[in-house]
Amino acid sequence: MKSVVAIVSLSMVMFCADAAAASTAATNATKATPSARAQSMLKRMNFTEKIDLLHGWQTDYVGHTPANTRLGIPPLVLNDGPQGFRVGNKPGVQGTSTQWPSGLTAAATWDRDALKKWGTSMGLEFRQKGANVQLGPGVCVARIPNCGRNFEYLSGEDPFLGNQLIQPAVQGIQSQGVIANAKHYIDNSQETDRTTVSEVIDERTRFELYEPPFAGAVDGGVLSPPRFRRTLFHRLSALHCTPTARVLIPAESSLRFP
């Protein structure tokens, strides 16, 4: 599992490296895919360098993995959120984040082109503020009316809407050299007791109603697949969920994860 996570992390940073070098001749020096380059790079890494990819550093951003200067691997710089850049305590940018329309507001347009522009604009701002991973968009299907984050999610109550609109949003974000991340995987229906609540949903319902938006993210080319984002905050049918067969093996076939 550690090797898989390291490969995924490397694939993500290889994408960032390609994006950063897009205007240089170095971009044309290799025809290998990010995944193939990551596999090759992993063979050249020592044990300590591999471990460095599995934990973060404390910075002004939400998440940060260190760069590997020996092998020319750039850092991953992750930041919230799904509908705009969270400044937090980051110095020098206080009061500068654009107030983009919420995810639900954007989705209410039913307009793929508008969602592409929404994602592109956010991706540009993230890039300009030093982040190369946007922790968004959010696509959870609304199940509980008073969930405190329903306004963030593109799906509303319609999994097909979420499936269709997350694709251009992801493509827009990633057109700016920023990795998009579909969240919150999966059945994340409420903020109250979010780390202890048990979501009791049968498998058919989960795959017909709650998986389609995440399938859309994969179809849209999301570079941070849901399965590698995190373990689930909540429990499913009373069980805590780490990246195990309970959630991921069925998802592997239905969502066509890369």
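The values are calculated or read from the model by the stated rules, or taken from the named source; none is laboratory data. None of these values were measured; they are calculated from a predicted model. Cβ atoms come from the backbone with ideal geometry, glycine included; neighbour counts cover every protein chain shown.
A few notes on this one:
- Applying the condition of being under 30 Å from Pro91 (Cβ atoms) and touching a Phe, Trp or Tyr at 6+ places or on another chain (Cβ under 8 Å) to region 33-74 and asking which residue is surrounded by the most Cβ atoms within 10 Å (Cβ to Cβ) yields Thr65.
- The single condition from (1) in contact with a helix residue (DSSP H, G or I) (Cβ under 8 Å, 6 or more places away or on another chain); (2) at pLDDT 75 or above that Trp57 fails is (1).
- Lone qualifier among Phe214, Phe233, Phe207 - being closer than 24 Å to Asn146 by Cβ and either of a type in the set (S, T, N, Q) or modelled with pLDDT of 85 or more (or both): Phe214
- Flag set for Ala131, criterion: more than 15 Å from Val222 (Cβ to Cβ), under 15 Å from the mean Cα position of the chain (by Cα), outside any helix (DSSP H, G or I) and assigned by TED's automatic domain parsing to the domain that holds Ala215.
- Residues in region 196-212 that are in contact with a His (Cβ under 8 Å, 6 or more places away or on another chain) and under 14 Å from Ala142 (Cα atoms): Glu199 only.
- Here the condition is being modelled with pLDDT of 95 or more and not polar (S, T, N, Q); of Val197, Val170, Val139, it holds for Val170 alone.
- Taken over region 173-188, the residue count meeting the criterion of being surrounded by 24 or more Cβ atoms within 10 Å (Cβ to Cβ) and closer than 22 Å to Pro74 by Cβ is 5.
- Inside region 99-121, residues that are more than 12 Å from Phe151 (Cα to Cα) and modelled with pLDDT of 95 or more make up a count of 14.
Each row is one residue, and each column tells you yes or no for (1) in contact (Cβ under 8 Å) with a residue 40 or more places away in the chain; (2) touching a Gly at 6+ places or on another chain (Cβ under 7 Å); (3) assigned to a loop (DSSP other than H, G, I, E, B).
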residue	(1), (2), (3)
Cys147	yes, no, yes
Glu157	no, no, yes
Gln164	yes, yes, no
Ala169	yes, yes, no
Gly172	yes, yes, no
Gly177	yes, no, yes
Ile186	yes, no, yes
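- Going through (1) of a type in the set (Phe, Trp, Tyr); (2) surrounded by fewer than 19 Cβ atoms within 10 Å (Cβ to Cβ); (3) touching a residue at least 24 places away in the same chain (Cβ under 8 Å); (4) over 28 Å from Arg204 (Cβ atoms) one by one, Trp110 falls short only on (4).
So that you can scan it fast, the table gives a plain yes or no per residue for (1) in a strand (DSSP E or B); (2) farther than 27 Å from Pro159 by Cβ; (3) among the acidic types (Asp, Glu); (4) in contact with a His (Cβ under 9 Å, 6 or more places away or on another chain):
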site: Lys50; (1), (2), (3), (4): no, yes, no, no
site: His55; (1), (2), (3), (4): no, yes, no, no
site: Thr59; (1), (2), (3), (4): no, yes, no, no
site: Leu71; (1), (2), (3), (4): no, yes, no, no
site: Leu78; (1), (2), (3), (4): yes, no, no, yes
site: Gln83; (1), (2), (3), (4): no, no, no, no
site: Asn89; (1), (2), (3), (4): no, yes, no, no
site: Ser97; (1), (2), (3), (4): no, yes, no, no
site: Trp100; (1), (2), (3), (4): no, no, no, no
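- Qualifying residue in region 60-79 (condition: on the phi > 0 side of the Ramachandran plot and without any contact (Cβ under 8 Å) to a residue 60 or more places away in the chain): yes
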